[in-house]
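Novice: My questions all concern the structure below.
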Amino acid sequence: MNDVRRIALVPVLSALIVGSDFALAPYVDVKLLDVMVFSAAFLFGFRLGAAVAIISEGAWSFISPWGFAGPIMPFLIGGELLFAAAGWWASKVWSDRSKVAQNSIFIAALMLICAFSWDVETNLATALIASWPATSLPIVLAWQVSGIPFALIHETADFLLGLLFAPAAILLVPRVMKGGA
Amino acid sequence: MVSRGTFYGVVAVLVALLLLTSITALYYYNQYQNASSATEASGAELGVALARYDALAGQYNSSLSNDYTTISLLAQAVASLNTSTPAYRAASGDLATLWRSYQSLVDAGGGKPLAYDVHMLVDYGNGTLRWYNDSTAQPGWNAYVATLVLLDGNLNATWYPQFGSGEHFVTAINGVPGTESLSWSIWTYGGNQWTYSQVGADLIQAQNGTTIAWALCGYNSSYQPTCVP
């Protein structure tokens, strides 16, 4: 795939992500963002996946129905890069795309680990921002614990999307693009 | 030989399971902690509430005791006040209300009022009889005060302080007055018969099970009633 098409994919995928974010806005912790960043990195490499993560998460941080994310925005984007890195790494480990369906449980597990890391990282950042400079371990733990119900939903959703959506996207997107070329 | 991809995949699945179970366990542990704290708080609140309830119950019992004393004092006042005074008229009407209120309060508290069972018959002399059964009187009341309470104050009398420690001559019951030829007389019941009382109502002490009657009777030349309830 040439560079122009690769570059064009970034805004297209970002637009899809932000659109789906709005569509899923009522379900706060269920988003296609993570799995699409993962799939993009799996199919097109870390740089493209990271670009999609930065642009889509950055845009969502500004225009989400809950308003501007504020100082937590870099942490949200940083956490999203985990999915890009995981997608790229998964493409190296499970490079045989014909077996992606068999490996879907592995992808789902990887998505869950990323979602967990994202939750821990963003909860930590929230604790730092909210309590700085009086931040302490109990405060950080309290923020982590208070986020558990949301984290459970987020991680379960990412696991299921990793199980179903990611393998489908990894199989179908190349065929669609090949057909359109 | 397990491939590298399968190995990493299995590791990923195991880690994911570990994370999922850990966070779920943590979630329920946190729920447990919250519930435990709430239970402790509720227990503490319950302890405070119980202490307050005990204090309140003590005050309630004290208040009931004071109420009882007040009624007793008021009964004594009614028994020795001139019936034409405003104080008597007010107190004679309120005494029955206060007595009923006291008994209701004791009942509501699960207790049993300190009271005697008394029964009273009013014979209007024209064939009309009215019983006041299941009635109560405070220990220490005389028949006059008991009658006054049982009739809700619907009793007219003239006070004669010069007789003994003071006597009431009943002139009307429930709005039915005596006439030139008929007067209200008081009777006591015992041995399956009514006995005309040789003393006034003020000198008949109400006891547990006392039964009295008021009858509108004529009198003969010996001042003995010409009727029996």
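Novice: Tally up the residues in region A:106-151 that are touching a Phe, Trp or Tyr at 6+ places or on another chain (Cβ under 7 Å) and β-branched (Val, Ile, Thr), please.
Specialist: Final tally of qualifying residues: 3.
Novice: Within region B:101-121, track down each residue that is in contact with a helix residue (DSSP H, G or I) (Cβ under 9 Å, 6 or more places away or on another chain) and outside any loop (DSSP other than H, G, I, E, B). Explain how you work it out, then say what you get.
Specialist: As a first pass, look at region B:101-121 and keep what is in contact with a helix residue (DSSP H, G or I) (Cβ under 9 Å, 6 or more places away or on another chain): B:101-102, B:105-106, B:109, B:111-116, B:118, B:120.
B:Ser101, B:Tyr102, B:Leu105, B:Val106, B:Tyr116, B:Val118, B:Met120 - these are the residues of region B:101-121 that are in contact with a helix residue (DSSP H, G or I) (Cβ under 9 Å, 6 or more places away or on another chain) and outside any loop (DSSP other than H, G, I, E, B).
Novice: Condition check: out of contact with any Phe, Trp or Tyr (no Cβ under 6 Å at 6 or more places or on another chain) and among the aliphatic types (A, V, I, L, M). Does B:Ala201 satisfy that? Steps first, please.
Specialist: Numbers: out of contact with any Phe, Trp or Tyr (no Cβ under 6 Å at 6 or more places or on another chain): no; among the aliphatic types (A, V, I, L, M): yes.
It is false that B:Ala201 is out of contact with any Phe, Trp or Tyr (no Cβ under 6 Å at 6 or more places or on another chain) and among the aliphatic types (A, V, I, L, M).
Novice: Okay, moving on. Of (1) out of contact with any strand residue (DSSP E or B) (no Cβ under 7 Å at 6 or more places or on another chain); (2) of a type outside the set (Gly, Ala, Ser); (3) touching a residue at least 12 places away in the same chain (Cβ under 8 Å), B:Asn82 satisfies all except one. Which?
Specialist: (1)
Novice: Condition first: touching a Leu at 6+ places or on another chain (Cβ under 9 Å) and free of Cβ contacts under 8 Å to residues at least 12 places away in the same chain. Can you find one or more residues in region B:61-78 that meet it?
Specialist: For region B:61-78, residues touching a Leu at 6+ places or on another chain (Cβ under 9 Å) and free of Cβ contacts under 8 Å to residues at least 12 places away in the same chain: present.
Novice: I would also like to ask the following. Would it be correct to say that B:Tyr88 is of a type outside the set (A, V, I, L, M), touching a strand residue (DSSP E or B) at 6+ places or on another chain (Cβ under 9 Å), surrounded by 12 or more Cβ atoms within 10 Å (Cβ to Cβ) and part of a helix (DSSP H, G or I)?
Specialist: Yes: the conditions hold for B:Tyr88.
Novice: Among the listed residues B:Ala51, B:Ala75, B:Ala44, identify the single one that is at pLDDT 90 or above and surrounded by 12 or more Cβ atoms within 10 Å (Cβ to Cβ).
Specialist: Working: B:Ala51 fails: surrounded by 12 or more Cβ atoms within 10 Å (Cβ to Cβ); B:Ala44 fails: surrounded by 12 or more Cβ atoms within 10 Å (Cβ to Cβ).
Criteria check complete, one pass: B:Ala75.
Novice: Is it true that some residue in region A:40-63 is more than 13 Å from the chain's Cα centre (by Cα), under 20 Å from A:Ala8 (Cα atoms) and without any contact (Cβ under 8 Å) to a residue 24 or more places away in the chain?
Specialist: Yes, region A:40-63 contains at least one residue that is more than 13 Å from the chain's Cα centre (by Cα), under 20 Å from A:Ala8 (Cα atoms) and without any contact (Cβ under 8 Å) to a residue 24 or more places away in the chain.
Novice: Is it the case, given these coordinates, that A:Phe150 is over 21 Å from A:Ala84 (Cβ atoms) and either assigned to a helix (DSSP H, G or I) or at pLDDT below 90 (or both)? Can you show your working first?
Specialist: Working: over 21 Å from A:Ala84 (Cβ atoms): yes; either assigned to a helix (DSSP H, G or I) or at pLDDT below 90 (or both): yes.
Yes: the conditions hold for A:Phe150.
Novice: Here is a list of conditions, (1) modelled with pLDDT of 90 or more; (2) farther than 21 Å from B:Thr211 by Cα, and B:Leu105 meets all of them except one; can you say which number that is?
Specialist: Only one criterion in (1) modelled with pLDDT of 90 or more; (2) farther than 21 Å from B:Thr211 by Cα is unmet by B:Leu105, namely (1).
Novice: Among the residues of region B:1-35, which ones are over 22 Å from A:Ala151 (Cβ atoms) and in a helix (DSSP H, G or I)? Outline the logic, then answer.
Specialist: Pass one, region B:1-35, residues over 22 Å from A:Ala151 (Cβ atoms): B:1-10.
Selection gives B:Arg4, B:Gly5, B:Thr6, B:Phe7, B:Tyr8, B:Gly9, B:Val10.
Novice: Then there is this: Would you mind telling me which numbered condition in (1) closer than 22 Å to B:Gly175 by Cα; (2) modelled with pLDDT of 90 or more; (3) exposed (fewer than 15 other Cβ atoms within 10 Å of the Cβ) B:Tyr132 fails?
Specialist: B:Tyr132 satisfies all of (1) closer than 22 Å to B:Gly175 by Cα; (2) modelled with pLDDT of 90 or more; (3) exposed (fewer than 15 other Cβ atoms within 10 Å of the Cβ) except (3).
Novice: In addition: Taking region A:90-141 as the search range and keeping residues that are charged (D, E, K, R) and not in a loop (DSSP other than H, G, I, E, B), which one is farthest from the other protein chains (Cβ to nearest Cβ)? Give the steps one after another, and end with the answer.
Specialist: Filtering region A:90-141 for residues charged (D, E, K, R) gives A:92, A:96-97, A:99, A:119, A:121.
With the extra rule that they be not in a loop (DSSP other than H, G, I, E, B), the set shrinks to A:92, A:97, A:99, A:119, A:121.
Working: A:Lys92: 9, A:Arg97: 12, A:Lys99: 8, A:Asp119: 9, A:Glu121: 14 Å.
Restricting to residues being charged (D, E, K, R) and not in a loop (DSSP other than H, G, I, E, B), the top hit is A:Glu121.
Novice: On to the next question. Of all residues in region A:60-109, how many are crowded, with 16+ Cβ neighbours inside 10 Å and either of a type in the set (A, V, I, L, M) or touching a His at 6+ places or on another chain (Cβ under 7 Å) (or both)?
Specialist: Looking only at that region, the number is 17.
Novice: Taking interchain pairs and intrachain pairs at least six residues apart, which have beta carbon atoms under 7 angstrom, with the first residue in region B:13-42 and more than 10 Å from chain A (Cβ to nearest Cβ) and the second hydroxyl-bearing (Ser, Thr, Tyr) and part of a helix (DSSP H, G or I)?
Specialist: Partner pairs satisfying both residue conditions: none exist.
Novice: Further, regarding this structure: Tell me, which residue of region A:66-109 that is in contact (Cβ under 8 Å) with a residue 60 or more places away in the chain and of a type in the set (A, V, I, L, M, F, W, C) is nearest to A:Asp34 (Cα to Cα)?
Specialist: Kept after step one, since they are in contact (Cβ under 8 Å) with a residue 60 or more places away in the chain, are these residues of region A:66-109: A:97, A:100-101, A:103-104, A:107.
The next check asks that each one be of a type in the set (A, V, I, L, M, F, W, C); those that pass are A:100-101, A:107.
Working: A:Val100: 18, A:Ala101: 19, A:Ile107: 12 Å.
Checking each candidate, the answer is A:Ile107.
The values are calculated or read from the model by the stated rules, or taken from the named source; none is laboratory data. Just so we're clear, the structure is a prediction, and the values are computed from it rather than from any experiment. Ideal geometry is used to build each Cβ from the backbone, glycine not excepted, and the neighbour counts take in all protein chains shown.
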